[in-house]
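Student: What follows is a single structure, and I will ask about it in a moment.
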Amino acid sequence: MSTTIEQLEGEARERLIRWIRHRMDEFGITLAALGQSLDADLEKQRAVSYRDAWGNTWNGSGNLPEWLQRAVAAGQTIEHFRRAEGA
C-alpha cells in the first residue's frame, strides 16, 4: 500500500506537511523553486518520445542512441519503444 499526502487524513497529514516545510526551510528550498523543479521534471518527461525497459530514453531528434540502434539491429522496430501521448 502506498502512502501519499492525499491519502493521509487529519493530524498525520498535518504532521507530514509540517515536516516537509521544516526540511524545505532547513535546505533553503522555496515553494517557487520547488514548483519550478517539478515543472522542469514534467517537461523532461513530456520530451521523451522513446523509452526502453531499462529506462533509456530518446526525444526523437538527432541520431539514434546506441541502445536503440542495438534494438533495431536485433530486429525490433523503433515504434515498439514509442511512448504513448501523456504517458
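The values are calculated or read from the model by the stated rules, or taken from the named source; none is laboratory data. As the structure is a prediction and not an experimental result, all values here were calculated from the model. Counting neighbours? That spans all protein chains shown, and the Cβs are built from the backbone with ideal geometry, glycine included. Heavy atoms of the whole protein, side chains included, go into the accessibility calculation; ligands, DNA and RNA do not. Shrake-Rupley method; radii C 1.70, N 1.55, O 1.52, S 1.80 Å.
Student: Kindly provide the set of residues from the stretch 47-84 that are outside any helix (DSSP H, G or I) and among the basic types (Lys, Arg), ordered by number. Full working, then the answer.
Tutor: Filtering the stretch 47-84 down to residues outside any helix (DSSP H, G or I) leaves 48-65, 74-77, 82-84.
Listed by number, the residues that qualify are 51, 82, 83.
Student: Right, here's the next one. Answer yes or no as to whether residue 35 is open to solvent by less than 90 Å² (accessible area, probe 1.4 Å) and on the phi > 0 side of the Ramachandran plot.
Tutor: Considered against the rule, which asks whether it is open to solvent by less than 90 Å² (accessible area, probe 1.4 Å) and on the phi > 0 side of the Ramachandran plot, residue 35 comes out as no.
Listed here are the residues, each with its yes/no results for (1) over 30 Å from residue 81 (Cα atoms); (2) under 20 Å from the mean Cα position of the chain (by Cα).
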| position | (1), (2) |
| --- | --- |
| 10 | yes, no |
| 13 | yes, no |
| 23 | yes, no |
| 38 | no, yes |
| 43 | no, yes |
| 49 | no, yes |
| 56 | no, yes |
| 60 | no, yes |
| 64 | no, no |
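Student: Return yes when residue 54 is surrounded by 12 or more Cβ atoms within 10 Å (Cβ to Cβ), among the aromatic types (Phe, Trp, Tyr) and on the phi < 0 side of the Ramachandran plot and no when it is not. Before you say what the answer is, go through the steps one by one.
Tutor: Values: surrounded by 12 or more Cβ atoms within 10 Å (Cβ to Cβ): no; among the aromatic types (Phe, Trp, Tyr): yes; on the phi < 0 side of the Ramachandran plot: yes.
Here the answer is no, as residue 54 does not meet what is asked.
Student: With the condition kept exactly as written, say whether any residue in the stretch 51-58 is touching a helix residue (DSSP H, G or I) at 6+ places or on another chain (Cβ under 7 Å) and either closer than 30 Å to residue 8 by Cα or of a type in the set (Lys, Arg) (or both).
Tutor: First pass over the stretch 51-58, keeping only residues touching a helix residue (DSSP H, G or I) at 6+ places or on another chain (Cβ under 7 Å): 51-52, 56, 58.
Keeping just the survivors that are either closer than 30 Å to residue 8 by Cα or of a type in the set (Lys, Arg) (or both) gives 51.
Among the residues of the stretch 51-58, at least one is touching a helix residue (DSSP H, G or I) at 6+ places or on another chain (Cβ under 7 Å) and either closer than 30 Å to residue 8 by Cα or of a type in the set (Lys, Arg) (or both), which makes the answer yes.
Student: So, one more: Considering the stretch 18-43 alone, what residues qualify as being farther than 20 Å from residue 8 by Cβ and of a type outside the set (A, V, I, L, M)?
Tutor: Passing the criteria: 25, 26, 27, 28, 30, 35, 36, 37, 39, 41, 43.
Student: Would a scan of the stretch 36-46 turn up a residue that is in a loop (DSSP other than H, G, I, E, B), of a type outside the set (Asp, Glu) and at pLDDT below 95? Give the derivation first.
Tutor: Pass one, the stretch 36-46, residues in a loop (DSSP other than H, G, I, E, B): none.
Among the residues of the stretch 36-46, not one is in a loop (DSSP other than H, G, I, E, B), of a type outside the set (Asp, Glu) and at pLDDT below 95, which makes the answer no.
Student: Let me ask something else. List pairs: first in the stretch 46-68 and without any contact (Cβ under 8 Å) to a residue 40 or more places away in the chain, second open to solvent by 50 Å² or more (accessible area, probe 1.4 Å) and among the charged types (D, E, K, R), Cβ under 6 Å, 6+ apart or cross-chain?
Tutor: 50/82; 57/51
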